[in-house]
Amino acid sequence: MNTNFLRACKGEAVDHTPIWIMRQAGRYLPQYHDVRGKGTFLELCKNPERAAEVTIQPIDFLDVDAAILFSDILVTPEAMGMHLVFEEKRGPILPEPIRTKADVDKLIVPDPVDKLGYVMDTIRLLRKELEGRVPLIGFCGAPFTLATYMVEGGSSKNYFNTKNMMYSAPALYGAMMDKVTECCISYLQAQVEAGAQALQVFDSWAGVLAPCDFAEFALPYVKRIIDALKPFGVPLIYFANNGATLLDQSMTCGADVLGLDWRINIEDAVKIVGPDIALQGNLDPIALFLPEDKLEKRIARILDGAKGAKGHIFNLGHGIIPETDPAKAKFVVETVHRLSKR
Ligand code: CP3
């Protein structure tokens with residue numbers, strides 16, 4: 001197996017800097033549209049054969065060093081009993097958002113094998129079909145990010161209802177977060193048992209929180225997840241999007257790897273986190289629209305800036321966008337491999 005990704009997570013020697021790309025399976029790939037066809041996104045997530053097929057597409061096409069399970073962070077709120085729909089061009093909608101004690105009481109902490117068995121089936125199938133080519137990353141949403149969707153009922157601009165619940169009903173917020181956290185823990189444990197070889201916790205909206213609120217209302221739940229998963233021995237990655245100003249706190253969560261968005265120079269992140277944590281990132285997804293010579297300079301700068309880190313996994317600072325030319329994504333992978341060859 002190409003173990004460069006797993007070795008970089010642990011700070012061990014690598015043949016080249018490994019790379020994978022957030023949202024590497026998705027709408028920028030014509031072959032994704034072929035498989036997605038006329039069915040819905042959630043139908044694709046719940047069909048292990050097709051979900052495995054789109055997971056492997058970027059391994060074949062891009063030659064990335066890790067596969068990430070094709071699924072979505074919002075399958076957990078659905079498994080907790082919430083209604084979830086993905087509307088074309090509008091994104092996720094949860095039509096009955098959590099606002100009251102009765103809403104929180106109604107949430108179940110599901111047995112992941114029972115309610116999310118299709119994810120475990122996909123993971124088992126993937127381990128077979130990948131035949132050890134690259135490691136498989138499992139994931140979940142971080143409790144705060146999941147809570148924003150559950151309380152707002154979809155994507156949000158000001159996160160008013162979520163923050164209002166934190167401030168005016170902290171016990172209610174805490175009760176909801178306890179359930180979400182418990183769900184994340186058992187879900188990730190089941191993923192490892194099914195064959196996931198690393199785990200990433202996506203905190204996509206952590207960056208909307210003031211540092212004091214991140215400390216009180218988001219980070220403790222992430223720590224609980226990391227603590228519970230540590231004994232399983234797989235590398236744990238925590239990605240707080242827009243989290244440069246939270247890095248001094250994130251570095252205490254216990255993760256082996258911290259994911260970085262592009263808003264911080266990676267050498268500055270190395271200065272903050274020190275020599276004991278590996279870093280992942282952090283090219284601006286829109287940099288893939290630069291001409292190749294300028295793009296290559298950006299890549300070289302990141303590889304160079306990461307040299308003091310315990311380990312480095314190259315990635316974008318957030319998901320690749322649908323307008324991206326697949327050939328440019330391939331160029332990034334080739335360039336990272338070529339420039340970092342040991
Ligand atoms: O990285 C990968 O390739 C694995 C697959 C993956 C998806 N979603 C597929 C997806 C992962 C890891 C996610 C996580 C996810 N989902 C996050 C955290 C990461 C991040 O981007 O910050 C979030 C916030 C979501 C919620 C979500 N899912 C939104 C807001 C949307 C709509 C916006 C959009 O990009 O369409 C989705 C849909 C989604 N998730 C798609 C894919 C491939 C597009 C579905 C389609 O129309 O075919």
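Go over the candidates Thr17, Thr55 one by one and state the one that is over 30 Å from Asp105 (Cα atoms), at pLDDT 95 or above and away from the ligand (no atom under 13 Å from the Cβ).
Sole residue among the options that is over 30 Å from Asp105 (Cα atoms), at pLDDT 95 or above and away from the ligand (no atom under 13 Å from the Cβ): Thr17.
State which residue is nearest to the ligand (Cβ to nearest atom) when the search covers only region 79-122 and only residues that are under 26 Å from Leu136 (Cα atoms) and without any contact (Cβ under 8 Å) to a residue 12 or more places away in the chain.
Gly117
Considering only residues that are open to solvent by 10 Å² or more (accessible area, probe 1.4 Å) and either among the hydrophobic types (A, V, I, L, M, F, W, C) or away from the ligand (no atom under 16 Å from the Cβ) (or both), which ones fall in region 277-292?
Ile277, Ile286, Phe289, Leu290, Pro291, Glu292 - these are the residues of region 277-292 that are open to solvent by 10 Å² or more (accessible area, probe 1.4 Å) and either among the hydrophobic types (A, V, I, L, M, F, W, C) or away from the ligand (no atom under 16 Å from the Cβ) (or both).
To keep it simple, each residue is scored yes or no on (1) of a type in the set (Asp, Glu); (2) out of contact with any helix residue (DSSP H, G or I) (no Cβ under 7 Å at 6 or more places or on another chain); (3) at negative phi.
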| position | (1), (2), (3) |
| --- | --- |
| Lys157 | no, yes, yes |
| Lys163 | no, yes, yes |
| Ala169 | no, yes, yes |
| Leu172 | no, no, yes |
| Glu182 | yes, yes, yes |
| Leu188 | no, no, yes |
| Gly195 | no, no, no |
| Glu216 | yes, yes, yes |
| Leu229 | no, no, yes |
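So which pairs qualify, if the first residue must be in region 18-30 and of a type in the set (Ser, Thr, Tyr), the second must be in a loop (DSSP other than H, G, I, E, B), the Cβ gap must be under 9 Å, and the two must be at least 6 apart or on different chains?
Tyr28/Ile320; Tyr28/Ile321; Tyr28/Pro322; Tyr28/Glu323; Tyr28/Thr324; Tyr28/Asp325
List the helices (runs of 4 or more DSSP H) inside region 211-282, counting only whole elements, that have at least 1 residues being among the hydroxyl-bearing types (Ser, Thr, Tyr) and touching a strand residue (DSSP E or B) at 6+ places or on another chain (Cβ under 7 Å).
247-250
With respect to the numbered conditions (1) touching a Gly at 6+ places or on another chain (Cβ under 8 Å); (2) open to solvent by less than 30 Å² (accessible area, probe 1.4 Å); (3) over 17 Å from Ile19 (Cβ atoms); (4) of a type outside the set (D, E, K, R), which one is the sole condition not fulfilled by Gly274?
(1)
Could you please give the count of residues in region 298-322 that are closer than 14 Å to Leu260 by Cα and either acidic (Asp, Glu) or surrounded by fewer than 20 Cβ atoms within 10 Å (Cβ to Cβ) (or both)?
Result for region 298-322: 3.
Within region 1-22, work out how many residues are open to solvent by 10 Å² or more (accessible area, probe 1.4 Å) and assigned to a helix (DSSP H, G or I).
The number of residues fulfilling the criteria is 3.
Find the residue count for region 312-342, including only residues that are outside any helix (DSSP H, G or I), over 16 Å from Ile266 (Cβ atoms) and of a type in the set (A, V, I, L, M).
Total meeting the criteria: 2.
If a residue has to be in a helix (DSSP H, G or I) and open to solvent by less than 20 Å² (accessible area, probe 1.4 Å) to count, how many in region 152-210 make the cut?
Residues meeting the conditions: 17.
For region 23-39, which residues satisfy the criterion of being at pLDDT 95 or above, more than 7 Å from the ligand (Cβ to nearest atom) and surrounded by fewer than 18 Cβ atoms within 10 Å (Cβ to Cβ)?
Pro30, Gln31, His33, Asp34
Just for helices (runs of 4 or more DSSP H) wholly inside region 43-144: which have at least 3 residues that are crowded, with 18+ Cβ neighbours inside 10 Å?
Fully inside region 43-144 and qualifying: 48-62, 75-79, 117-130.
The values are calculated or read from the model by the stated rules, or taken from the named source; none is laboratory data. Since the structure is predicted, the reported quantities are computational estimates derived from the model, not experimental observations. We place every Cβ from the backbone using ideal geometry, glycine too, and count neighbours over all the protein chains shown. We work out accessible area using only protein heavy atoms, side chains counted, and drop any ligands, DNA or RNA first. Shrake-Rupley method; radii C 1.70, N 1.55, O 1.52, S 1.80 Å.
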